[in-house]
Amino acid sequence: MLLPNHGGPEAKPGAPSLTSTEPGETSPLLGSGPDAATERARTKAVATVRPLTGQFVTAVIRRRDLAAAHSLLIPQLRSRYSLSDWQAGRDLPLSAVPKTSFIPGATVAFSGPKLVGLVMSFNTQAVDSSESILLAIRLRKASGRWLIDYLRQGHGSRSVSETNFSPSGFSPGSQSTSLSAWWPLFIGLLGLIALVALVEFGLSGRRRRKG
C-alpha cells in the first residue's frame with residue numbers, strides 16, 4: 001500500500017484536468033541556471049508526463065484500464081503491486097478517493113529533462129473539510145520511455161498542501177539509503193580487516209622465525 005504522510009487543501013470540484021497549479025513548472029528546477037536547450041527539454045518533459053499522470057490517476061480512481069496504469073510503473077513497482085490485486089480492488093493507490101471524484105490539476109514539485117515530480121490533492125468527501133489526500137508521484141525517463149518510479153500518499157492539512165508536500169525520498173537526492181545499499185561497504189570493510197589480519201599474521205610469523 002502507499003505509505004501515509006501528513007500534509008493540503010481540498011480539491012475543488014469541476015471538469016477533470018491536469019493543468020499546472022501554483023507554484024508552477026519551474027519551482028524548483030533540477031540544478032541551477034539551465035541553458036536554453038535544457039530548459040526546452042525540461043518544459044517538454046513536464047508536458048509529456050502530465051497526460052501520463054492523468055491516465056494513471058484516472059485509471060486507479062475510476063478502477064478501469066488498470067492494466068494500462070500498471071504498465072506505467074517501473075519494474076520494481078510492478079513487482080510490488082500485483083495487477084491481479086488491483087483488478088480485484090486490493091492494494092490500489094488512492095483507494096480512499098471516491099470513484100466519482102474530480103481529477104485535480106497537478107503541481108510541479110521539481111522538473112528536469114529526465115525526472116519530474118508532481119503532487120496532486122484530492123477531496124475524499126470522507127474526512128474533515130480542512131483535509132485532503134495528497135499524492136506525490138515521480139516519473140523518470142529511461143530507454144526513451146517515461147515511467148513512474150515513486151508513489152506516496154498522505155493527508156493534507158491547513159499547513160501542508162500540494163505546494164509543500166515532500167515525503168521522504170520524493171525530491172531528487174533525498175532517497176533514503178536502504179540497508180542493502182550498505183552491504184558492499186560492509187563486505188569491503190570485512191575484507192580489509194581480514195587482509196590486515198593476514199599481513200599481521202605473516203609478519204609475526206616472520207619475526208618468530210628470525211628470533
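Since every read-out is calculated from the coordinates, none of them should be taken as a lab result. As the structure is a prediction and not an experimental result, all values here were calculated from the model. Heads up, the Cβs are rebuilt from the backbone with ideal geometry, glycines too, and the neighbour counts pull from every protein chain shown.
State whether the range 57-152 is rounded, prolate or oblate according to the following rule on the C-alpha gyration tensor (a ≥ b ≥ c being the square roots of its eigenvalues): a/c under 1.5 gives rounded; otherwise a/b larger than b/c gives prolate, and the remaining case gives oblate.
It is oblate, given that a/c is not under 1.5 and a/b is not larger than b/c.
With a Förster radius of 41 Å, plug the Cβ-Cβ distance of SER82 and SER159 into 1/(1 + (r/R0)^6) and report the FRET value to the nearest 0.05.
0.70
So, R0 is 41 Å and r is the distance between the beta-carbons of ARG40 and GLU200; what FRET efficiency does that work out to, to 0.05?
So the FRET efficiency works out to roughly 0.10.
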